[in-house]
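Below is one structure, written out as C-alpha cells, with a few remarks after it.
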Amino acid sequence: MDKGAIPADARSFVVTNRSVLAIAVPMTLAYLTTPMLGLVDTAVVGQFGDAALLGGLAAGSLVFSVVFTTFNFLRSGTTGLVAQAFGRGDALEEQAVFWRAVLIAVVAGIVLVALSPLIAVGGQWFMGAEPRVSEAMGVYIRIRLLAAPFSLINYAILGYVLGRGEGGLGLVLQLVLNGINIALCFLLGLKLGWGVAGVAWATVTGEFLAMLLGLAIVVLRFRSTASLPRHRLLDMSAFLRMLSLNRDIMIRSFSLLAAFALFTRQGAQFGTVTLAANAVLMNFFLVAGYFLDGFATAAEQLAGRAVGARAEQPFRRAVRLTLFWGFGLAGAATLVLLSAGADLVAVVTTSQEVRSVADIYLPWAAFTALSGVLAFQMDGVFIGATWSRDMRNMMLLSFLVFIVALLTLAPAFGNHGLWAALHVFLLTRGFSLLAILRLRVRTAFS
C-alpha cells in the first residue's frame, strides 16, 4: 500500500508537500499515458498520409469522449465518496461505494453497447464532415464502444484506488491499460495495416485485460477484511446520494465535452486540414491537462479526506499546495510545448499541409496549460468535497460564456478566434469556482 494510503489517525492528519506529491507524481505519470495513447493513435493513422483518416479518427475519438466522459462520475464520484469514508475510518462504506459504482458501470456499459449503432450515426450527423471522414469515424465508434462495460468498471476501480490515496497502484493499473493498448495499436493498426479499426480493437482489448487485473486486486483485498452486509450495499439513501452526486458530475462532464465537441465541429467547418491540425494540437492540450490532473487528483483525495474528518486546516493547506504545484507544472508544460511543439507535430503526422497549419496555431495550444490550471485544481477540490452542485452550476455558466465567445470570436478571427474562445472557457471555469470556495469552506467546517 502507498504511504499516502496509511492513515495515522482517521480524524487527524497533516497535509505536506510530500503527501501531495505521493499522490500527484504517480498519477501524473499514469494520466500521461492516456494522451500519449491518443498521440500514438494519431501517429499510427497519420502514417497513412491521409487527412480524411486522421480527421475520422479525431471525430470518432471526440464522440467516444463525449459518451464516456459523461460517465466519468464513476471515477471522480467514487474517489470523493471513498476519500470521505477513508477520512472517517469507515472501511465498510469504502467497499459499499465501490460495489455500487460497479453495479452502475455494468448496467450503463451494456446499454451503451446496445446503442452503439445509433451513437455512431448521431455522431456522423453532428460532425457533418465529408463522406470519407464520416466512414472512418463510424468504423472507430462501432468497434470501440464494445469496450463500454470494461471501461466503466475500470473507472470505478481507479476511483476506489485514488479515494484511498494509492497513487502507485493507480499508476500500475493505468500503465497496464495503456501499455497494452499502445502495443496493440502498433501491431494491429500499423503492422497488420488495419488502420482506424486496428486502433479501436487495441482499445477494446486493453480495457478488458486491465479490468480483469483491477478486479482481482480489489476483490483479494476485500477478502482479507470484514465482509460487506447486503443491506449496507443496497442502502437506498446512500445510493440516492451517489446518484445525486453522479448526476451533477455527469452534467458537468457532458457540458465540458459539449464545449470540446463544438470546438471540433467548428474546426471541421474550416476544412479537413484545419480539423486534422486542431486534432493534433488538442492532443497537446490533453497532455498538458493530464499533467495537471495528477495534482487535481491529489486535491480530490486530500480535500475529500479532510471533509470526511472535518479537518479545516488540512483542507486549506491541500488547496494551497495543490494549486502551487499545479501552476509550477503548468508553466513548465507551456515552455516545453512552445520550444518542442513543432518537432512533435512533425512526429505525429506526415502530411505537410497539416504540419504547416498546426505550427501556426501551436502557441494557442501551448498556453492552455496556464489558462486551465485553476479549473483543473478547483474541479479536484470540489469533487473531493462532493460539492457537486456548485461545480455543475459553474460549468454551465462557463459553457454559456464559451458559446458567446465562440459565436463572437470564431466568425471574426477564424481558427485563432476558435482557440481564443477555448481559453475564455478554461479561465471562466477556474475563477468562477474560486469565487465561491470561501463560502463553501465556512459552511463545511462550521
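Every condition in (1) over 22 Å from residue 91 (Cβ atoms); (2) surrounded by fewer than 24 Cβ atoms within 10 Å (Cβ to Cβ) holds for residue 311 except the one numbered (1). Counting residues in the stretch 392-412 that are open to solvent by less than 40 Å² (accessible area, probe 1.4 Å), of a type outside the set (A, V, I, L, M) and at pLDDT below 95 gives zero.
Screening 311, 277, 288, 299 for residues that are in contact with a Gly (Cβ under 6 Å, 6 or more places away or on another chain) and of a type in the set (Gly, Ala, Ser) leaves exactly one candidate, 299. With respect to the stated conditions, residue 383 is part of a helix (DSSP H, G or I), in contact with an Asp or Glu (Cβ under 8 Å, 6 or more places away or on another chain) and not charged (D, E, K, R).
On the stretch given as the stretch 325-346, residues that are open to solvent by 10 Å² or more (accessible area, probe 1.4 Å), in contact with a helix residue (DSSP H, G or I) (Cβ under 8 Å, 6 or more places away or on another chain) and among the small types (Gly, Ala, Ser) total 4. Between 274, 322, 297, the distinction of being hydroxyl-bearing (Ser, Thr, Tyr), in contact with a Phe, Trp or Tyr (Cβ under 6 Å, 6 or more places away or on another chain) and either open to solvent by less than 20 Å² (accessible area, probe 1.4 Å) or in a helix (DSSP H, G or I) (or both) belongs to 322 only. Among residues of the stretch 252-264 that are more than 15 Å from residue 421 (Cα to Cα) and assigned to a helix (DSSP H, G or I), those with a Cβ under 6 angstrom from a residue that is open to solvent by 10 Å² or more (accessible area, probe 1.4 Å) and hydroxyl-bearing (Ser, Thr, Tyr), sequence gap 6+ or separate chain, pair up as 253/69; 253/70; 254/70.
Taking the conditions (1) open to solvent by less than 10 Å² (accessible area, probe 1.4 Å); (2) at pLDDT 85 or above; (3) out of contact with any Lys or Arg (no Cβ under 9 Å at 6 or more places or on another chain) in turn, residue 82 satisfies each one other than (3).
Selection of the stretch 262-280 for residues being closer than 20 Å to residue 131 by Cβ and of a type in the set (A, V, I, L, M) yields 268, 273, 275, 276, 279. Pairs meeting the criteria (first residue in the stretch 317-344 and farther than 16 Å from residue 358 by Cβ, second residue of a type in the set (Phe, Trp, Tyr) and surrounded by 13 or more Cβ atoms within 10 Å (Cβ to Cβ), beta carbons under 6 Å, at least 6 apart or on different chains) are 322/295; 325/295; 326/295; 329/291; 333/291; 334/367.
Take the stretch 233-257 and flag every residue that is under 17 Å from residue 96 (Cα atoms) and either of a type in the set (A, V, I, L, M) or open to solvent by 60 Å² or more (accessible area, probe 1.4 Å) (or both). Across the stretch 233-257, the qualifying residues are 233, 234, 236, 237, 238, 240, 241, 242, 243, 245.
The values are calculated or read from the model by the stated rules, or taken from the named source; none is laboratory data. Quick caveat, the model's predicted, so the values are computed rather than measured. For neighbour counting, all protein chains shown are included, and Cβ atoms are generated from backbone atoms with ideal geometry for every residue, glycine included. Quick note on the areas: whole protein, heavy atoms, side chains included, nothing else; ligands and nucleic acids left out. Shrake-Rupley method; radii C 1.70, N 1.55, O 1.52, S 1.80 Å.
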